[in-house]
Amino acid sequence: MHTIDEAAAAGRKIPRHIAIILDGNGRWAKKRGLPRALGHKAGCEALERTVEDCARLGVEFLTVYAFSTENWKRSQEEVSALMQLFAFYIPRLRKRAMANDIRVTAIGDESRFAPELARMLDELVRDTAENKGMTLVMALNYGARDELRRAAVRLAAQVQRGELLPEEITEETIAQALDTAGIPDPDLLIRTSGEQRLSNFLLWQSAYTEFLFPEVLWPDFTAETLTACIEAYQKRDRRFGGRKEAGS
Ligand code: IPE
Ligand code: IPE
Ligand code: MG
């Protein structure tokens with residue numbers, strides 16, 4: 001295994017876009033006899049580290065699944081602890097993103113968040129919009145089915161206004177109507193905690209993504225876990241449905 005700087009220096013194909021399902025905060029807390037909220041806090045700290053590790057490695061896009069459209073089903077106590085953590089970490093993230101030239105965008109439906117939290121999120125996106133380094137995409141109140149539904153509504157409205165013919169709807173117009181418009185599809189998707197499912201994350205965008213499911217619980221994710229994941233990715237053979245050239 002190599003360190004972050006060695007991995008960057010090796011100059012091998014660093015995935016252009018990494019997506020991570022940040023899972024296992026609750027189990028991390030349970031193992032320590034702590035409340036789940038402290039697992040989420042430790043998860044936020046792991047995220048701060050990982051954002052900067054990815055930026056240093058030269059990853060261009062990092063998408064993180066931090067709150068799903070289904071996570072509202074959790075206890076009111078847990079949901080409100082998560083909302084408080086977001087309110088605490090978003091302004092911190094803004095400062096760190098400015099210091100590291102990171103652009104932050106958000107995917108998901110922010111209309112369900114309290115107005116104060118939605119405002120913080122808008123500020124984070126607006127203030128970092130001109131940064132030229134890595135793009136961090138925060139998936140907050142994100143669900144891929146909800147994203148596809150909202151895209152369908154947008155396209156239907158364009159058709160209704162006479163701006164688009166039904167037969168003009170292509171894969172490209174659908175991709176442009178999604179929250180991820182302008183963001184390349186993820187090359188590598190990592191879900192921590194050993195769970196092996198998408199849980200409604202990036203269903204459209206992950207058609208040809210490589211998946212990794214390390215056992216590590218999200219708060220324990222380190223630079224070493226990240227480089228191990230990238231090394232495993234570098235061994236994958238991506239064919240996109242094609243064939244290797246004869247003789248190779
Ligand atoms: C992921 O950790 C964070 C969120 C979903 C917000 P979990 O809270 O799902 O942790 P586990 O799966 O219960 O361990
Ligand atoms: C997926 O994790 C959502 C996030 C990590 C934000 P969950 O822990 O909510 O997913 P399930 O319920 O185990 O599928
Ligand atoms: Mg979970």
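Things worth noting here:
- Within the stretch 181-196, residues that are open to solvent by less than 20 Å² (accessible area, probe 1.4 Å) sit with their Cβ atoms under 6 Å from residues that are away from ligand 2 (no atom under 12 Å from the Cβ) and hydroxyl-bearing (S, T, Y), at 6+ positions apart or across chains, in these pairs: P186/T209; L188/Y233; L189/S206; L189/T209.
- For P35: the one exception among (1) of a type outside the set (F, W, Y); (2) open to solvent by less than 20 Å² (accessible area, probe 1.4 Å); (3) within 15 Å of ligand 1 (Cβ to nearest atom): (2)
- For the stretch 197-222, the tally of residues that are within 12 Å of ligand 1 (Cβ to nearest atom), touching a strand residue (DSSP E or B) at 6+ places or on another chain (Cβ under 7 Å) and either more than 14 Å from H17 (Cβ to Cβ) or free of Cβ contacts under 8 Å to residues at least 60 places away in the same chain (or both) stands at 2.
Residue-by-condition table, conditions (1) over 28 Å from Q176 (Cα atoms); (2) of a type in the set (D, E); (3) away from ligand 2 (no atom under 16 Å from the Cβ):
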site: S193; (1), (2), (3): yes, no, no
site: L198; (1), (2), (3): no, no, no
site: E210; (1), (2), (3): no, yes, yes
site: W218; (1), (2), (3): yes, no, no
site: A232; (1), (2), (3): yes, no, yes
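- Index of the failed condition, L198 passing every other in (1) more than 14 Å from the chain's Cα centre (by Cα); (2) under 23 Å from R238 (Cβ atoms): (1)
- Tabulated pairs, the stretch 49-75, first within 9 Å of ligand 2 (Cβ to nearest atom) and open to solvent by 10 Å² or more (accessible area, probe 1.4 Å), second assigned to a helix (DSSP H, G or I) and among the acidic types (D, E), C-beta under 7 angstrom, 6+ apart or interchain: none
- Look at (1) in a helix (DSSP H, G or I); (2) crowded, with 16+ Cβ neighbours inside 10 Å and you find that R149 fails only one, number (2).
The values are calculated or read from the model by the stated rules, or taken from the named source; none is laboratory data. Because the structure is a prediction, the values reported are computed rather than measured. Note that each Cβ is placed from the backbone with ideal geometry, even for glycine, and that neighbours are counted across all protein chains shown. Note: accessible area is taken over every heavy atom of the protein model, side chains too, but ligands, DNA and RNA are not part of it. Shrake-Rupley method; radii C 1.70, N 1.55, O 1.52, S 1.80 Å.
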